[in-house]
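None of the figures in this text is laboratory data; all of them are computed from the coordinates on show. Remember, predicted model here, so these are calculated numbers, not experimental data. Because the Cβ atoms are built from the backbone with ideal geometry, glycine has one as well, and the counts that use them run over all protein chains shown.
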Amino acid sequence: MRVTLASWKSEIFDVVLRFLPDWVQLAVLCLVVAVVLATWAYKLKHKLAHRRAVRAGQPVHAAAQYGQGRGADYLGAYAPQARQDDATT
């Protein structure tokens, strides 16, 4: 019985890399590592900037969580009506 630990995505990636020349394999792997490191650095930079802004007392943009919606979505009948500007000038 064979137990595979890798996902099907990594298996496909591995099979595709096997057909490429060695120098292309190395370049692709380096690009993947570079993308992962760049993403990590980008997230770390924004996390540090957010922390510095909070410590300095600056207003911080708080992004809505997934599925949160806007405040007007929960007001129901009490939500303000959409304005219709008259173009009669």
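For the pair Trp23 and Gln58, how long in nm is the line joining their label points, each one 7 Å along Cα→Cβ? Placing both labels 7 Å beyond Cα along the Cβ direction yields 4.6 nm.
Subtracting the Cα-Cα distance of Val16 and His50 from their residue separation scaled by 0.36 nm leaves 8.2 nm.
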